[in-house]
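Comments concern the structure below.
The values are calculated or read from the model by the stated rules, or taken from the named source; none is laboratory data. These numbers come from a predicted model, not from an experiment. Note: ideal-geometry Cβ built from the backbone for every residue, glycine included; neighbour counts use all protein chains shown.
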Amino acid sequence: MHLLLRLLSRLPRILLLTAALACAGGAGNAFAQKAADAGTGGATTTYTVTDMRGRQVRLERVPQRIVSLLPSLTESLCALEACERIVGVDEFSNHPARVAALPKLGHTFAPLVEATVRLRPDVVLMAYSAPVIAQLERFGIPVLALDANDMAQLEQVLHKLDQLLQVQRANALLARMQAEVDQQAKALAAQAPAGQKVYFEVDATPYAAGPDSFIGQLLQRLGARNVLPPNLGPFPRITPEYVLRQQPELIIHTPQTPSASFATRPGWSRMPAVRSGRICALDLVETDVVSRPGPRLGEAARALARCLQMPGAAPR
């Protein structure tokens with residue numbers, strides 16, 4: 001997922017910070033010292049959490065001051081009822097609305113280290129590929145590297161957050177997410193043919209979402225067929241000629257690329273998706289939910305289902 005974030009970070013800031021940023025919810029309680037459950041209080045409880053690097057990170061107590069440098073982690077913390085413990089976030093975290101009022105600390109690949117340290121966090125959460133992890137750890141700040149490229153890793157991340165927060169809420173959250181995706185898949189099955197050949201373009205390089213990415217897996221659960229093979233990785237860089245040879249029937253893309261530009265690529269005017277006009281642009285909010293492996297998985301499924309329902313699909 002770190003590659004996807006790098007690509008999406010090329011978008012102009014005005015595109016990435018959606019209208020949700022203007023809704024500064026009730027975040028004035030961000031610095032509150034509140035335990036997740038009754039009985040935890042501020043007591044010292046030393047324990048360890050193994051992050052996605054496989055490193056055991058030692059916590060001196062249940063964290064009450066958390067910095068989140070990844071939008072998906074910010075959303076997951078709030079979904080696990082720990083929003084009030086967040087004291088700072090990355091510049092792209094914009095959901096739920098209450099996080100808009102929190103200090104912005106750069107992004108996961110270039111965080112403001114000194115500003116982060118000044119917040120005195122009990123723990124910092126970020127992507128496992130971030131080069132600044134060692135620098136933060138030199139200040140004595142525990143850093144949990146939590147990132148998800150696929151559904152299995154998303155489940156792991158939520159359980160690790162459960163362990164970090166010393167709560168047991170991940171299973172209920174995962175069940176709700178699964179039910180929401182299943183609901184979208186069931187509704188879509190009655191409205192659109194299964195097996196549509198889909199090309200999901202992250203940017204015009206082009207980078208694409210492969211079948212092993214969380215986006216690709218979500219498309220599969222909705223009955224679509226990714227035109228890329230799994231051996232290319234979750235978010236491979238490919239050539240326009242390769243995509244043309246796959247003859248996708250539907251193109252899904254982010255706001256970074258104008259829909260009209262696909263027809264101008266050499267040979268693409270002959271592509272089934274372009275010929276039939278089945279080019280689906282995600283809006284800004286949809287791009288957020290689809291690009292973040294987190295609790296809004298049902299909304300991501302709804303956005304992809306909207307594209308799969310575009311008229312002109314070949315009957316099966």
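Screening the candidates GLU60, GLU84 for the property of being in the same structural domain as LYS160 (by TED's automatic domain parsing) and assigned to a helix (DSSP H, G or I) yields one hit, GLU84. For ILE215, the conditions (1) more than 17 Å from the chain's Cα centre (by Cα); (2) part of a helix (DSSP H, G or I) all hold with the exception of (1).
Would you confirm, using the coordinates I've provided, whether VAL124 is of a type outside the set (Lys, Arg) and either farther than 25 Å from LEU297 by Cβ or at pLDDT below 95 (or both)? So VAL124 fails the test.
What strands (runs of 3 or more DSSP E) lie completely within region 105-205 and have 1 or more residues being touching a His at 6+ places or on another chain (Cβ under 8 Å)?
Counting at least 1 such residues, we get 197-203.
Here GLN183 does not fit the description of being over 30 Å from VAL62 (Cα atoms), among the polar types (S, T, N, Q) and within 17 Å of the chain's Cα centre (by Cα). When region 241-256 is filtered for residues that are out of contact with any Lys or Arg (no Cβ under 8 Å at 6 or more places or on another chain) and over 20 Å from GLY312 (Cβ atoms), the ones remaining, listed by number, are GLU241, TYR242, ARG245, THR254, PRO255.
Is it true that some residue in region 280-291 is part of a loop (DSSP other than H, G, I, E, B) and in contact (Cβ under 8 Å) with a residue 24 or more places away in the chain?
Kept after step one, since they are part of a loop (DSSP other than H, G, I, E, B), are these residues of region 280-291: 282-283.
When the remaining residues are screened for being in contact (Cβ under 8 Å) with a residue 24 or more places away in the chain, the result is 282-283.
Checked against the condition, which is being part of a loop (DSSP other than H, G, I, E, B) and in contact (Cβ under 8 Å) with a residue 24 or more places away in the chain, region 280-291 yields at least one hit.
As a summary of the residue check, ASN171 satisfies the conditions (1) farther than 23 Å from ASN226 by Cα; (2) touching a residue at least 60 places away in the same chain (Cβ under 8 Å) except for the one numbered (2).
Could you count how many residues in region 83-112 are more than 23 Å from ALA134 (Cα to Cα) and either β-branched (Val, Ile, Thr) or in contact with a Pro (Cβ under 9 Å, 6 or more places away or on another chain) (or both)?
Qualifying residue count, region 83-112: 5.
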